[in-house]
Every structure is written in structure tokens, then in C-alpha cells.
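Just below is one structure, and these are the notes that go with it.
The values are calculated or read from the model by the stated rules, or taken from the named source; none is laboratory data. These figures come from a predicted structure and were not determined experimentally. Cβ placement follows ideal geometry from the backbone for every residue including glycine, while neighbour counts extend to all protein chains displayed.
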Amino acid sequence: MSVEQSVLERSAHACELCGSTDAVGVMLVSPKTLSTVDDSIAVCAACQSAMNESVLDAKQWRCLTDSMWSPVPAVQVVVYRLLKRLDSESWAQDALDMLYLDDDTRKWAEQGVQAANVEATVDVNGAVLQAGDNVVLIKDLDVKGANFTAKRGTAVRGISLSDNPKHIEGRVNGQRIVIISAYVKKS
Ligand SMILES: [Zn+2]
């Protein structure tokens, strides 16, 4: 079973942040770079685009007070980062106080607090990339953990964004990989 299928099975095809079953995809949680089930969460299109806004809409994210109880560390990490961005809200502060993360998970979560940001994801020319865009690789990329090189000129269709603006995800040679956004050109 692919990583995507396994994650969607874990989440019963629902968004692990808000519970929606509408347009649910799989997102790798930064700064992890190799897509695995444990490092990925199922997230709906609405949550994915909302988390890339420069200012979070607090009302929309009240769902975090439920999803914070997820037993999945990758979900806890994303919830923690979002709550940190919402900590001007008293309910979000309360939730952060209650959110229990073990040491490794906390370290992981904090690594991304700076990355979980306001920057847009852009290609080599500074063009803003969005989920679903098609891009072309502008250099050969050795894919860590998989034994192949993604060749310059390879088209990657229907990319996903990650919560790190410097990374996108896409399928090359049938494998979902993380690609540095500066190494692609929007097509
Ligand atoms: Zn959602």
C-alpha cells in the first residue's frame, strides 16, 4: 500500500485537523523530507489552503481543540504549530497548555515553528506555486532514500504544497517525493 493510501486509511479518509471528508490529500510534515506514513497527515484542501494564509482565521481553527487529542505525532506537530500562530487567542493558549507532546514530538514541532510561516512557496523565478500546479525540474535531483535521480526536465504534475514554503511534493517515477521549490519552474 502506498504512503498516501496508508495515511488515508489511518484517518478514515477524513482530514486529521478538521474532520472534513472533502478533498482530502496527504501532506508531509516539515522538516521531514521523505514521505512516510508516520511523518504525514491527511488534510483537506480547505485546511491546507487556510494554513498557508499569512494570517490564520481563528474561527476556522477551533477544530484544533479536537484534533489536538490525536494519538498521531505528525498531527500533534501540525496542531502545535498552528496553535502557536494563534496564540493571541485565549482558547489557543489554553489548548497549548493542555497539549501534551513527548520530547521527540516537541522537538519536531519546534523545528517547524519558524518554517510554518507566512512566506509563499515560489519557483526558481519567484512565481507563486499552488497545489495542483504543474512544474518542471530545472536540475537533476538525487532522491534521498529512493534509488534514483529525478532528471532535469522531468515534468511533475499536480504538485502539493507542504507546511515548509521551500518544499513542494510531487510524484516522480511513481514515487511521491519532496522537491525544493527553487529547483522547479512552473509550467
Ligand atoms: Zn480540514
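Results, tabulated for the structure shown:
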{"item": "Test: residue in the stretch 27-46 that is within 13 Å of the ligand (Cβ to nearest atom), in a loop (DSSP other than H, G, I, E, B) and crowded, with 18+ Cβ neighbours inside 10 Å", "result": "no"}
{"item": "Residue identified as outside any loop (DSSP other than H, G, I, E, B), of a type in the set (S, T, N, Q), under 25 Å from Ile177 (Cα atoms) and not assigned by TED's automatic domain parsing to the domain that holds Val143 among Gln76, Gln60", "result": "Gln76"}
{"item": "Subset of the stretch 1-23 that is of a type in the set (D, E, K, R) and in contact with a strand residue (DSSP E or B) (Cβ under 6 Å, 6 or more places away or on another chain) - its residue that is farthest from Leu82 (Cα to Cα)", "result": "Glu4"}
{"item": "The stretch 1-26 - residue that is surrounded by fewer than 15 Cβ atoms within 10 Å (Cβ to Cβ) and hydrophobic (A, V, I, L, M, F, W, C) and, of those, modelled with the lowest pLDDT", "result": "Met1"}
{"item": "Some residue of the stretch 45-60 being in contact with a helix residue (DSSP H, G or I) (Cβ under 9 Å, 6 or more places away or on another chain) and under 28 Å from Val143 (Cβ atoms)", "result": "yes"}
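Every residue, every condition in (1) in the same structural domain as Ala42 (by TED's automatic domain parsing); (2) among the basic types (Lys, Arg); (3) modelled with pLDDT under 90; (4) surrounded by 14 or more Cβ atoms within 10 Å (Cβ to Cβ), yes or no:
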residue: Lys139; (1), (2), (3), (4): no, yes, no, no
residue: Lys151; (1), (2), (3), (4): no, yes, no, no
residue: Ile159; (1), (2), (3), (4): no, no, no, yes
residue: Asp163; (1), (2), (3), (4): no, no, yes, yes
